[in-house]
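Working notes, structure below.
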Amino acid sequence: MARILVLTTVHQAEDPRIRRRTVAVLASEHDVRYATKPPAPGPATGAANEGYEWVGLAGGRARRWLGGLREALRGDVDLVSVHDPELIPAALLTRLLRRRPVVVDVHEDVPGQIRTKEWLPALLRRPLAGGAAMLLRLAERFAVITLAEPNYRHLFREEHPVLPNYPDPAQLPDPTDADGSVVYVGDVTEARGAILAVHAVAALPDPTPLRLVGRCDPALARRLRDLAVDLAVDLHLPGFVPHPEAMALASRAAVGLSPLADIPNYRHSLPTKTLEYLALGVPVVASDLPGTATVIGGLPGVELVPDRDVAAWTTAIARAASDPAPRRAAREAAPTVRSRFTWPSAQLCEVYRGALGEAPARLPDQAEGPLVRSRPRRYPRTRRGGE
């Protein structure tokens with residue numbers, strides 16, 4: 001049994017893609033150590049119950065990075081799986097010094113994200129984005145790359161396995177009756193439509209609770225609460241909520257929102273929340289972006305609207321909340337969504353077996369095409385324990 005270190009210094013320990021869709025699945029075949037910043041995974045379904053070891057990385061970002069490097073260089077680690085672009089140098093050092101395989105899971109279009117970060121000086125965005133692109137290309141030479149979206153292929157020279165960020169149906173509650181609320185699940189930011197959501201709900205003909213469930217910067221949270229008071233919106237900002245609880249809240253909503261702005265990092269991505277809403281039988285109102293429209297545009301219970309048109313959002317939310325047809329259609333289609341869009345656990349395990357030298361990392365074609373077939377490629381077997 002191989003010892004795999006899954007490492008992130010940026011994401012929360014409860015990140016669904018890392019903890020629930022990667023760590024928990026790998027722990028069924030391997031001895032997994034999961035290193036993140038505190039707090040630890042929730043006690044109800046924590047490491048002890050899921051068969052892996054959790055390690056806390058204390059301190060600020062730089063200290064966590066050094067702590068992650070120490071974990072990667074331990075003599076009892078056979079493979080390192082990293083989930084932050086800033087950890088690529090640490091992963092490559094591990095590859096150089098310990099001669100052990102590395103998997104880099106690319107969660108987002110990092111260069112595109114950098115180009116839209118408003119807190120960065122405008123003159124620095126382009127060179128920093130170029131540096132991030134070069135770092136990804138360097139990782140491609142020495143590591144196994146997996147992608148969360150097929151649209152990230154343009155960042156690399158070769159094809160790489162795509163493990164789409166689809167939900168795991170086993171981790172979702174059953175569809176239930178609506179409580180009349182409107183919900184958004186995910187990081188709460190202005191670029192992800194938080195301000196737009198408050199304005200759209202304020203213009204609804206009937207008072208409607210709005211739940212924005214996820215991490216929110218304190219300054220933005222104050223701004224949202226002040227705006228909600230001014231517009232008489234019943235706003236709930238619970239902050240970060242563990243994934244099972246967030247899905248329970250979403251399952252009771254009348255409408256699920258995905259009001260992402262049309263910016264490079266979101267334009268060609270699929271918001272996982274939209275599939276989670278649909279798998280719960282909740283109708284969806286989402287920004288009409290290419291990555292979203294390509295996958296869910298034709299599904300029952302979905303309405304796509306321009307990303308910044310508040311009036312269009314209000315109309316679409318009102319229609320989905322008041323007309324029983326969208327919810328009925330979404331609920332009837334929920335079993336199909338769950339079976340068609342599901343986290344590829346078997347393919348994940350195949351990639352890691354290949355990286356460990358146990359088998360080629362070849363992925364089967366699928367009818368729905370969520371995975372990109374990687375070119376047949378064998379990875380050299382490395383001696384374990386850093387010997």
Net charge, PRO38 excluded, C-beta distance under 12 Å - Lys, Arg +1, Asp, Glu -1:
+1
For the range 166-216: span of alpha carbons on each principal axis (Å, largest first)
36, 27, 15
Compute the angle between helix 122-142 and the longest alpha-carbon principal axis of the chain, please, reported from 0 to 90 degrees and rounded to the nearest 10.
50 degrees
Helix-only estimate, please: 222 nm mean residue ellipticity of the chain, summing -39500 (n - 2.57) across DSSP H runs of length 4 or more and dividing by its residues, to the nearest 500.
-11000 deg cm²/dmol
Using every pair of alpha-carbon atoms in the range 285-331, split the distances into 10 Å bins beginning at 0 and state the percent of pairs per bin, rounded to integers.
28, 52, 19
In whole Å, what is the distance between the alpha-carbon centres of the range 214-278 and the range 71-148?
28 Å
Would you compute the Debye intensity of the range 197-285 from its alpha-carbon atoms alone, equal scatterers and no solvent, and pass along log10 I(q)/I(0) at q = 0.16, 0.17, 0.25, 0.26 Å⁻¹ to two decimals?
-0.73, -0.83, -1.41, -1.41
Kindly sort CYS216, CYS349 by accessible area of their heavy atoms, largest first, with the probe set to 1.4 Å.
CYS216, CYS349
So what's the net charge close to THR292: Lys and Arg +1, Asp and Glu -1, counting the other residues with Cβ under 12 Å from its Cβ?
-3
How big is the equivalent ellipsoid of the chain along its three axes, where each semi-axis is √(5λ) from the Cα gyration tensor, reported in whole Å from largest to smallest?
36, 22, 20
Considering the options ALA139, HIS11, VAL233, tell which one lies farthest towards the positive end of the dipole of the chain, charges being +1 on Lys and Arg and -1 on Asp and Glu at the Cβ, about the Cα centre.
ALA139
Carbon/sulfur accessible area of the range 20-99, % of total, 1.4 Å probe, equals 59 percent
Folded to 0 to 90 degrees: helix 218-231 orientation relative to the chain principal axis, Cα
10 degrees
Suppose all protein chains stay in the model; what accessible area per residue would a 1.4 Å probe give for the chain, in Å²?
43 Å²
Could you go through the range 339-351 in sequence order and give the Karplus-derived ³J(HN,Hα) for each residue, using 6.51 cos²θ - 1.76 cosθ + 1.60 with θ = phi - 60°, rounded to whole Hz, and x for Gly and Pro?
7, 7, 10, 9, 4, x, 4, 5, 5, 4, 4, 5, 4
Rounded to the nearest 20 debye, dipole of the chain from Cβ charges on Lys, Arg, Asp, Glu
1680 debye
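For the range 162-202, which whole-number percentage of the solvent-accessible area (1.4 Å probe, protein heavy atoms only) is attributable to carbon and sulfur atoms?
Using a 1.4 Å probe with all protein chains present, the range 162-202 comes out at 45 percent carbon and sulfur.
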I want the local charge near THR208. Using Cβ-Cβ distances under 15 Å, sum +1 for each Lys or Arg and -1 for each Asp or Glu among the other residues.
0
Could you state how much accessible area VAL201 has, in square angstrom rounded to the nearest 10, with a 1.4 Å probe and all protein chains kept in place?
10 Å²
What shape does the range 1-108 take by its C-alpha gyration tensor, where a ≥ b ≥ c are the square roots of the eigenvalues and a/c under 1.5 counts as rounded, a/b above b/c as prolate, and the rest as oblate?
oblate
Taking a probe of 1.4 angstrom, what is the accessible area of PHE142 in Å², to the nearest 10?
90 Å²
Along each of its three principal axes, how wide is the spread of alpha-carbon positions in the range 96-194, in whole angstrom units, largest first?
54, 37, 25
Can you pull the percent of the range 274-358's accessible area that's carbon plus sulfur, 1.4 Å probe, other chains left in place?
53 percent
Which order do you get for THR292, THR336 if you rank them by accessible area with a 1.4 Å probe, largest at the top?
THR336, THR292
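The values are calculated or read from the model by the stated rules, or taken from the named source; none is laboratory data. Since the structure is predicted, the reported quantities are computational estimates derived from the model, not experimental observations. As a convention, Cβ positions derive from the backbone with ideal geometry for all residues, glycine included, and neighbour counts pool all protein chains shown. Ligands, DNA and RNA are excluded from the accessible area calculation, which covers all protein heavy atoms including side chains. Shrake-Rupley method; radii C 1.70, N 1.55, O 1.52, S 1.80 Å.
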